[in-house]
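Working notes, structure below.
The values are calculated or read from the model by the stated rules, or taken from the named source; none is laboratory data. Note that the structure is a prediction, hence the values are computed from the model and not measured. No Cβ is skipped: glycine too gets one built from the backbone with ideal geometry, and neighbour counts run over all protein chains shown. When the accessible area is computed, the model is the full protein with side chains, heavy atoms only, and any ligands, DNA or RNA have been set aside. Shrake-Rupley method; radii C 1.70, N 1.55, O 1.52, S 1.80 Å.
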Amino acid sequence: NRCVSCDEQTKDVTTTTTLPNATVAGAFSCGLPGSNGWCRGGANLALSANEPVSGYVIQNIEGNSGAMCNPADAATVNCNWTPPEGQTNLEYWAHSSFGDTSLKATQSILLDSGNPSVTLSVPAPNGQNGWFISPVSISASSSDGVSGVATTQVHIDAGSWQNGPVSVTAQGVHTAQAQAADKAGNTATSSVASFKLDTVPP
């Protein structure tokens with residue numbers, strides 16, 4: 001500064017510098033896509049984080065589900081995270097040696113890699129020697145603890161699949177089988193059961 005009163009003058013100046021935040025991003029991939037937005041297998045979230053300020057590094061990546069990966073400290077890190085079964089609404093962020101974290105990123109994942117369970121129900125014969133002497137009602141039940149059951153069906157003598165219960169009236173020896181599908185598209189089939197029907201008197 002110029003001298004105004006011939007006495008030395010001083011002035012304090014404060015400068016604020018804003019440094020960029022660390023960043024984190026993820027790319028989800030599914031090796032076996034299913035129905036209704038579900039993944040049936042090979043689910044992976046590829047994570048990438050970067051610390052743009054020189055001299056500082058990314059230390060780890062964490063989410064609302066806990067620690068996701070802890071790669072070697074570096075300015076840029078890449079790692080993979082395998083999601084759990086079910087619906088995951090994920091928030092995640094990167095920790096920096098600068099002492100802060102990145103902004104949060106989000107990802108919604110639907111994963112159901114298991115088949116539903118299915119049970120075929122054939123009643124006990126009401127005649128002698130293992131024969132039914134009146135029409136037979138064949139039914140099935142199923143369950144799925146992840147995406148939920150979509151369909152439960154029965155077929156008789158390898159015919160078309162039908163929603164149960166199915167009433168069988170044709171005479172003779174028959175086979176029955178049940179099938180269930182969950183909302184992700186996974187299917188399960190029961191073992192084949194045989195039964196005999198004779199409703200005609202001698």
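The value for region 63-122 of Rg(Cα) / (2.2 N^0.38 Å) is 1.69.
Taking a straight Cα-Cα cut-off under 28 Å and skipping sequence neighbours fewer than 8 places away in the same chain, no lysines fall within cross-link reach of residue 196.
Only protein atoms count toward the accessible area here, which uses a 1.4 Å probe; on the chain, the carbon and sulfur part of that area reaches 48 percent. Computed from the Cα positions only, the extents of region 98-202 along the three principal axes stand at 92, 22, 16 Å, in decreasing order. Counting 0.36 nm for each residue step from residue 151 to residue 89 and taking away their Cα separation leaves a gain of 19.7 nm. Using only side-chain charges placed at the Cβ, +1 for Lys and Arg and -1 for Asp and Glu, the dipole size of the chain relative to its Cα centre rounds to 620 debye. For region 57-112 versus region 134-176, the spacing of their alpha-carbon centroids is 46 Å. Extending 7 Å from Cα along the Cβ direction at residue 15 and again at residue 35 yields two label points whose distance is 6.5 nm. Which Cα, out of 89, 185, 143, lies furthest along the positive dipole direction of region 86-202 (beta carbon charges, K/R +1, D/E -1)? With unit charges placed on the Cβ atoms, the residue in question is 143.
Mean projected area of the convex hull spanned by the Cα atoms of region 149-189, taken over all viewing directions: 2.9 nm².
Computed over neighbours whose Cβ is under 14 Å from that of residue 186, the net charge equals -2, Lys and Arg +1, Asp and Glu -1. Principal semi-axes of the equivalent ellipsoid, √(5λ) from the alpha carbon gyration tensor of the chain, are 71, 13, 10 Å from largest down. The label-point distance for residue 28 and residue 74, in a model that sets each label 7 Å from Cα toward Cβ, rounds to 2.6 nm. With the simple spin-label model, which puts each label point 7 Å out from Cα in the Cβ direction, the residue 198 to residue 128 separation comes to 1.0 nm.
With a Förster radius of 30 Å applied to the C-beta separation of residue 187 and residue 106, the computed FRET efficiency comes to 0.40. Of the peptides 53-63, 174-184, 71-81, the ranking by mean beta-carbon count within 10 Å, highest at the top, reads 174-184, 53-63, 71-81.
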